[in-house]
Amino acid sequence: MTVLVLTAVLAIVYVAATYVGDHFPYDQVYWFFEFCHLLSGMLVAALVAQFTSSAALIVMGTLGVGCAWEIGEFITNYSAWVHRITERFGLRIEPQTFWDTVLDLVLDVVGAVLFVYFLR
């Protein structure tokens with residue numbers, strides 16, 4: 001797959017997650033967000049694989065992107081500026097927990113490992 005196609009698919013996953021998060025109660029669709037992390041882990045691994053063939057670098061690159069994403073989520077949870085913007089547009093931000101972050105990163109890595117061993 002090309003970088004452009006992978007980026008487009010990641011954007012679609014992000015938009016779908018944003019839509020579901022804004023229109024359904026979080027506790028009822030929690031599984032969907034975990035599935036998105038697993039799928040995104042696979043897609044980011046495919047994107048990293050465009051630049052290296054090392055399985056270890058693919059998994060570490062995916063984990064790095066996942067960490068950057070989780071830092072971004074942490075910042076949005078505690079930023080008054082972001083909360084003003086989300087309120088203006090009627091968006092919701094669910095509270096971040098330590099175990100949710102750990103699970104998200106584990107699913108990112110599992111997605112990368114699945115890509116490396118089954119799809120590469």
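Data table
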| read-out | value |
| --- | --- |
| Which numbered condition F74 fails, given (1) touching a residue at least 40 places away in the same chain (Cβ under 8 Å); (2) exposed (fewer than 14 other Cβ atoms within 10 Å of the Cβ); (3) under 27 Å from V59 (Cα atoms) | (1) |
| Unique match (being part of a helix (DSSP H, G or I) and over 20 Å from I12 (Cα atoms)) among G61, G111, G41, G72 | G61 |
| Considering residues of segment 93-111 that are in contact (Cβ under 8 Å) with a residue 60 or more places away in the chain and more than 12 Å from the chain's Cα centre (by Cα) only, the residue nearest to Q50 (Cα to Cα) | V110 |
| Total residues in segment 1-41, condition under 10 Å from the mean Cα position of the chain (by Cα), at pLDDT 80 or above and small (G, A, S) | 2 |
| Filtered residues of segment 80-101 (kept if among the hydrophobic types (A, V, I, L, M, F, W, C) and either farther than 19 Å from F35 by Cβ or touching a helix residue (DSSP H, G or I) at 6+ places or on another chain (Cβ under 9 Å) (or both)) | A80, W81, V82, I85, F89, L91, I93, F98 |
| Breaking point among (1) within 15 Å of the chain's Cα centre (by Cα); (2) surrounded by fewer than 16 Cβ atoms within 10 Å (Cβ to Cβ); (3) in contact (Cβ under 8 Å) with a residue 12 or more places away in the chain; (4) under 22 Å from Y19 (Cα atoms), for G90 | (1) |
| Breaking point among (1) exposed (fewer than 15 other Cβ atoms within 10 Å of the Cβ); (2) touching a residue at least 60 places away in the same chain (Cβ under 8 Å); (3) not charged (D, E, K, R), for V116 | (1) |
| Close pairs from segment 9-25: first within 16 Å of E73 (Cα to Cα), partner at pLDDT below 80, Cβ under 9 Å, at least 6 apart | T18/L91; G21/L91; G21/R92; G21/I93; G21/E94; D22/G90; D22/L91; D22/R92 |
| Residue match in segment 52-69 (condition: hydroxyl-bearing (S, T, Y) and surrounded by 15 or more Cβ atoms within 10 Å (Cβ to Cβ)) | yes |
| Residue among V82, V44, V48 that alone is under 23 Å from A16 (Cα atoms), within 14 Å of the chain's Cα centre (by Cα), surrounded by 13 or more Cβ atoms within 10 Å (Cβ to Cβ) and not acidic (D, E) | V44 |
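The values are calculated or read from the model by the stated rules, or taken from the named source; none is laboratory data. These figures come from a predicted structure and were not determined experimentally. For neighbour counting, all protein chains shown are included, and Cβ atoms are generated from backbone atoms with ideal geometry for every residue, glycine included.
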